[in-house]
Amino acid sequence: MKVFVTKLCSGAEKKTDEAFKARQDEMSKVYGKYQSWSMPMSYKDVKEKFPKATVTRTAMLTSIKNWEMSKDQHKHKGRLVVLGDKIYDLHGNRIYKDSSGAYWAPLCTLAAARCVMAAALIHGWELKRCDIESAYLQTPWPNERVGEHFLDLDEDSVAALPDDFKKQYKQIHEEDGRRPLVRMIKCLYGHPV
């Protein structure tokens, strides 16, 4: 049985060419292949056209897969996530404040995964894994059920997008004085819906 460790990049590791390429690959998949959101819109336009919309900030995680193996087997990975515990309306009021955990799905720790594997070894259980490639990115955003939702992209994500997107983003940012928003078309990792 093998366990592969993924390590979040340090500040210095995030600045490497490999890390930037990993973020570009992620944005190429999310924005290019799956077309997860619209072109940028000014905050003012969003407020006028979609007054009941919600907004969430994003984060671009950069990690190194196979960290426990030799350096030639390391693979940098970028992952765009929605900060699903920080959803706001267009006036800045937080939407999901639920302290019961109803909108929160904790991640499995490495220690917990090791316990499950140890139990499987002791009891002779067969372990299987299932991974549906980009399952979230293939799911349309449920506008009719939860309403319009916009993303406030973080700087690392914007930097990894194609030049035509960045040009329009920068132009709107300069004219409006606020970071532009993009309308969600497909679901992304981290949103509680």
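The values are calculated or read from the model by the stated rules, or taken from the named source; none is laboratory data. Everything quoted here is computed from the prediction, not taken from an experiment. Quick reminder, even Gly has a Cβ in these numbers, built from the backbone with ideal geometry, and neighbours come from all protein chains shown. Side chains are part of the model used for accessible areas, which takes the heavy atoms of the whole protein and leaves out ligands, DNA and RNA. Shrake-Rupley method; radii C 1.70, N 1.55, O 1.52, S 1.80 Å.
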What's the angle, to the nearest 10 degrees (0 to 90), between helix 110-123's Cα axis and the longest principal axis of the chain? 40
Rg (Å, one decimal) plus Dmax (Å, integer) for the alpha carbons of the chain? 19.0, 64
Using Cα pairs closer than 8 Å and at least 6 residues apart in sequence, work out the relative contact order for the chain, in percent. 34
Pairwise label distance in nanometres, residue 164 with residue 119, each label 7 Å out on the Cα-Cβ vector: 5.1
In degrees rounded to 10, the 0-90 angle between helix 163-176 Cα long axis and the longest Cα principal axis of the chain is 50
Could you list which residues have their amide H under 5 Å from that of residue 57, counting only those 5 or more apart in sequence or on another chain, with H placed in the peptide plane? 83, 152
Among 85, 156, 164, whose mean-square fluctuation peaks in a Gaussian network model of the chain (Cα, cutoff 10 Å)? 164
So, in nm, how far is label residue 21 from label residue 186 when the simple model puts each one 7 Å beyond its Cα toward the Cβ? 2.3
Over the heavy atoms of residue 39, what accessible area does a 1.4 Å probe trace out, to the nearest 10 Å²? 70
Return the distance in nm (one decimal) between the two label points of a simple spin-label model at residue 75 and residue 52, each offset 7 Å from Cα along Cα→Cβ. 4.3
Give me the angle, in degrees from 0 to 90, between the Cα long axis of helix 17-27 and the longest principal axis of the Cα atoms of the chain, rounded to the nearest 10. 60
Considering only protein heavy atoms, what is the solvent-accessible area of residue 6 at a probe of 1.4 Å, reported in Å² to the nearest 10? 80
Would you calculate, for the chain, the mean residue ellipticity at 222 nm contributed by helices, counting each DSSP H stretch of 4 or more residues as -39,500 (n - 2.57) and dividing by all residues, to the nearest 500? -8500 deg cm²/dmol
Between segment 150-193 and segment 18-80, how far is it from one alpha carbon centroid to the other, in angstrom? 9
Rg/Rh of segment 1-102 (Cα atoms, Kirkwood Rh), to two decimals, equals 1.09
